[in-house]
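The values are calculated or read from the model by the stated rules, or taken from the named source; none is laboratory data. Because the structure is predicted, anything quoted here is derived from the model rather than measured. Glycine gets a Cβ as well: all are built from the backbone with ideal geometry, and neighbour counts include every protein chain shown. The accessibility values were calculated without ligands, DNA or RNA, using every heavy atom of the protein model including side chains. Shrake-Rupley method; radii C 1.70, N 1.55, O 1.52, S 1.80 Å.
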Amino acid sequence: MTSLAVANPGSLIQSVDWVAIAPPLIAAVTAVAVLVTDLFLPERHRKWLGRLTAAGFALALIALLPLTGGSPRATFCVQNVAGATDSAGCSYVADHFALVFQLLALGGALIAALLSAHTVEEERLPGGEYWFLLLSSATGAALLPASRDLATMVIALEVASLPAFALVALRRDGRGAEAALKFFVSSVTATAVMLLGIGFVYAAGGSLHLAAVAQGLEHAPAQLRPLAEAGAVLTLVGFAFKVAAVPFHFWVPDTYTGAPLPVAGYLSVVGKAAGLSGLALATTIAFRPYAHTWGLVLAVLAAVTMTVGNVGALRQRFDTRYSAVRLLAWSSVGQAGYLLVPLAAAGYAPTGADPLGATAAYALIYGVVNLGAFGVVAAVGRRAGTSVDDFRGLFARRRWTALALAFFLLCLAGLPPGVIGLFGKVVVFRAAVDAGLGWLAVVMAANVVVALYYYLLWTARIFAPATADEAADGAARGAGDERRLPVGLTATLGLTASVAVVLSLAPQLVLQVAGGSLF
């Protein structure tokens, strides 16, 4: 009879590094706390759920501090035959790469929570469900950058995505359901394709851990090479969907328009950060043996994505309802193309460190200014509307709000005084040139010039003279109108504008990420 006993049972017991997993764990625990508290909290005190959510995100961000400055911390590891462990066999690694993208995911979620406070109240959204879903989605987005096996990455991606479908559908006006359905169908299709690809990769590589996948693919039998290459391409589809890369971008304009504005801002930054981190991990670690293949694919994808996004923004009419949101949606597609440029460059670099640093730096810059722009649209939309023409003469009515939006748009365009946006684009441009992708740098430069048109056109409307009716309306509201903004909106605009100004004055605070090794 064969004995099923394990020779050394103690080898199956792992010690969990609670400090390493603290950031996503705090967000998850807060989500459960919000859900339970909602059951017992009286209706008049439901606003405390939003404050609890913001506090949870703040604690999760603070939990990143003990992980900085030291060597990477890993947990949930597979022991080798010698009984030792290393990060190559671990499912969760809190290294520099993970910390940067967790900062972006949790920081973006915190700003989205501040932006959501007035939306939940004014649109009568179910508060308990809204905050629980936001925390759950952010948990998945924070888990993904630290994942180091394909199974954990898929789980993290779905944890980030599934609550987002429900968040989009919480607006009960018809548009929310339609937007959520388009988002859901597109996402499910991309996930199914990605799972098929992971199955192919596992069959060819014999493992799910990213480092082991790379080793397995490098030594895969010749007859399995086509299967492995097809699996690698299909696996990247799910992450490309989250990044909103062409041709997986069709859901973006309608979903952003139908979702509550804070959710649209959240998807444009945190959802994109999750997909970008997964794409970076899969390509630079797991599929490193096929670097030149996926490098070329990502380069073409980046060029097409930024071009389609900017052309879509150029075609957007400014006088239509929700045109400001749709313009930001098309802008986010174009910005996704810029974010993909350093990833493509990583396929041609000896190591992926420097190009990935450029992606991380630009993602941090984009996250701050884009959430700030959504905050201004939400502030203006409370009294006027969300078409671009509704911003005409904004400077005469709300001076500081107008200046904040103009600064955010100039940062996105890469023009002074938005110095941080300019430096971010230069870093991305340099990554392409250093990798020998001169043609991609030319395409990017052309798209940056094209994007100036709609960014500057929107900025010009902000400072255009107000009509007689708009001037009378502004006088009736009085000079103290901005002081009557909800606290959450005021905090959002103040925080994002302050960070953007500080980074423009001291860009080295974020651009130093581009010069260091993330792995």
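Quote the charge dipole size of the chain about the Cα centre in Debye, to the nearest 20; the model charges only the Cβ of Lys and Arg (+1) and of Asp and Glu (-1).
Dipole about the Cα centre, nearest 20: 900 debye.
Given (i) 1.24; (ii) 0.98; (iii) 1.16 as candidate values of Rg/Rh (Cα atoms, Kirkwood Rh), which corresponds to the one derived from the coordinates?
Answer label, from the structure shown: (ii).
Counting only protein heavy atoms, what percent of the accessible surface of the chain is carbon or sulfur at a 1.4 Å probe?
In the chain, the share of accessible area belonging to carbon and sulfur is 67 percent.
Given the peptides 100-107, 254-261, arrange them by the average over their residues of other C-beta atoms within 10 Å, most packed first.
100-107, 254-261
At a Förster distance of 51 Å, what's the computed FRET efficiency of Asp319 paired with Val19, Cβ-Cβ distance as r, to 0.05?
Efficiency, rounded to the nearest 0.05: 0.45.
Just from its helices, what would the mean residue ellipticity at 222 nm be for the chain, if runs of 4 or more DSSP H residues each count -39500 (n - 2.57) and the sum is divided by every residue, rounded to the nearest 500 deg cm²/dmol?
-23000 deg cm²/dmol
Arranged from highest to lowest average of other beta-carbon atoms within 10 Å per residue, in what order do the peptides 217-227, 302-312, 282-292 appear?
Most protected by this proxy first, the peptides run 302-312, 282-292, 217-227.
Separation between the Val185 and Tyr453 pseudo-spin-labels, each 7 Å from Cα along Cα→Cβ, expressed in nm?
3.2
Can you list the lysines whose alpha carbon sits under 30 Å from that of Lys425, skipping same-chain ones fewer than 8 residues off?
Lys242, Lys272
Taking the Cβ of Thr293 as the centre, find all other residues whose Cβ is under 14 Å away and add up their charges (Lys, Arg: +1; Asp, Glu: -1).
0
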